1. Across segment 208-225, in residue order, what do the Karplus-derived ³J(HN,Hα) couplings come to in whole Hz, using 6.51 cos²θ - 1.76 cosθ + 1.60 with θ = phi - 60° and x for Gly and Pro?
2. Rounded if a/c is under 1.5, else prolate if a/b is larger than b/c, else oblate: which is segment 295-342, with a ≥ b ≥ c the root eigenvalues of its Cα gyration tensor?
3. How much of the calculated P(r) for segment 172-267 lies past 20 Å, in percent of all Cα pairs?
4. Under a 5 Å amide H to amide H cut-off, with H placed in plane at 1.01 Å, what residues pair with LEU200 once short-range neighbours are removed?
5. Binned at 5 Å from 0, what are the whole-percent values of the Cα-Cα distance distribution for segment 273-397, short to long?
6. Cα gyration tensor of segment 324-397, axes a ≥ b ≥ c as square roots of the eigenvalues: rounded (a/c below 1.5), prolate (a/b > b/c) or oblate?
7. If you count, for each residue, the other Cβ atoms within 10 Å and average over each peptide, how do 337-345, 210-218 line up from highest to lowest?
8. Taking H placed 1.01 Å from N in the peptide plane, check which residues at least 5 places from ILE169 or on another chain put their amide H under 5 Å from its amide H.
Amino acid sequence: MMKTRSSGKISTKWIPIFCISFFFIGMLFTNRLWEPPESDNKLIASHQQNEELKVICEDCGTKKKSKDDTDVMEEVSKTHESIKSLDKSISMLQMELAASRGSNKELVHPRESVGTVIKQNGKPKKKVFVVIGINTAFSSRRRRDSVRESWMPQGEKLKKLEKEKGIVIRFTIGHSATSNSILDRAIDSEEAQHHDFLRLEHIEGYHELSAKTKIYFSTAVAKWDADFYVKVDDDVHLNLGVFASTLAHYRSKPRVYIGCMKSGPVLADKNVKYHEPEFWKFGEDGNKYFRHATGQIYAISKDLATYISINQPILHKFANEDVSLGSWFIGLDVEHIDERSMCCGTPPDCEWKAQAGNVCVASFDWSCSGICQSVEKMKFVHEKCGEGDDGVWGVSL
């Protein structure tokens with residue numbers, strides 16, 4: 001059989017088939033392995049977009065940081081204000097807690113009703129409206145009797161006044177320098193008869209009135225939980241009903257000092273009655289004292305009486321008791337109430353005012369620092385200027 005010799009050329013009929021095959025293979029290859037590059041415009045736009053995003057992100061971070069800084073400063077400011085407010089609250093709480101610890105008692109809720117007896121560490125403490133301490137001396141028995149026979153209720157009426165109105169009245173007196181002396185025994189006998197004394201751990205003496213005042217307030221705070229504490233001299237006439245109504249007006253105020261405010265001269269002369277040994281502390285000769293309530297009668301709120309009770313060992317005593325009291329409140333947030341009805345004169349002054357419908361809280365003679373010859377005149381003043389025996393019983397507290 002004769003072999004045919006190949007010429008080495010591809011038959012023309014296969015050429016179209018090969019071309020088509022290579023075309024499809026090329027398309028398949030290029031689609032999988034290569035993508036055409038973006039145009040220059042697209043590349044620029046993409047780059048700009050990336051830069052903008054970067055700037056925006058940085059700006060967001062800056063704004064967030066700025067906002068965070070502002071928030072921090074606001075919080076610091078708020079915290080500072082809160083601390084200042086807390087300091088004031090803590091100061092008051094420390095004062096009350098110290099008083100409680102010093103007397104081994106717990107704090108009493110301020111809304112306890114009058115007459116409620118609170119037991120604190122086994123000791124009773126009665127809630128009342130006001131404690132009125134009548135400052136007296138061993139030699140003043142006749143003065144005390146003149147008060148008992150005029151404006152101060154006696155016996156069962158005194159107990160009823162305390163129970164129903166929350167008004168406590170006691171003569172305040174300490175002890176003599178000699179233990180169990182005849183003076184002390186005389187007071188013990190008088191107390192057994194009238195039951196109207198508050199005995200103080202104090203040695204009596206005219207030049208010790210500032211010390212006696214501190215001890216009185218401390219003793220009263222430990223025994224009664226009152227809204228107000230009052231000191232009045234035993235030669236002053238008092239209308240209890242008008243006085244209670246006057247005090248009630250200031251019941252919502254936390255720290256009030258009520259009385260007839262004055263500012264008398266500082267007396268450097270040793271030969272005068274009210275000589276001030278520490279006159280140099282008040283500046284040049286001829287200077288006056290700071291404003292303070294006259295010593296015949298004044299009232300202070302519970303917080304101030306508690307303050308005195310806590311700090312009595314370090315409260316400075318000036319020669320005059322009323323000056324001493326006023327000095328203890330300097331630097332404190334205290335409202336001074338100048339209540340002129342607490343220093344009316346004796347008849348005809350208080351009588352005219354009573355006839356005009358302005359019954360006085362207290363009456364005395366300025367020239368005598370009390371009612372002149374009070375033993376003889378107290379009943380007369382009561383008849384002319386008194387509110388009437390039923391005045392205090394009609395007062396709503």
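The values are calculated or read from the model by the stated rules, or taken from the named source; none is laboratory data. None of the values given here were measured: they were computed from a predicted structure. Glycine also receives a Cβ, built like all others from the backbone with ideal geometry; neighbour counts cover every protein chain displayed. Ligands, DNA and RNA are excluded from the accessible area calculation, which covers all protein heavy atoms including side chains. Shrake-Rupley method; radii C 1.70, N 1.55, O 1.52, S 1.80 Å.
1. 10, 5, 5, 5, 5, 4, 4, 5, 4, 5, 5, 5, 5, 5, 6, 9, 10, 9
2. Working: a/c = 1.87, a/b = 1.31, b/c = 1.43.
Cα axes put segment 295-342 in the oblate bin.
3. On the way: 2431 of 4560 pairs.
Distances greater than 20 Å cover 53 percent of the Cα pairs.
4. Counting only residues 5 or more places away or on other chains, the set is ILE173, GLY174.
5. Here the calculated profile for segment 273-397 is 2, 9, 15, 17, 16, 15, 13, 9, 4, 1, 0.
6. Numbers: a/c = 2.29, a/b = 1.45, b/c = 1.58.
Here segment 324-397 falls in the oblate category.
7. Working: 337-345: 19.8, 210-218: 22.3.
With the highest mean Cβ count within 10 Å placed first, the list reads 210-218, 337-345.
8. ILE132
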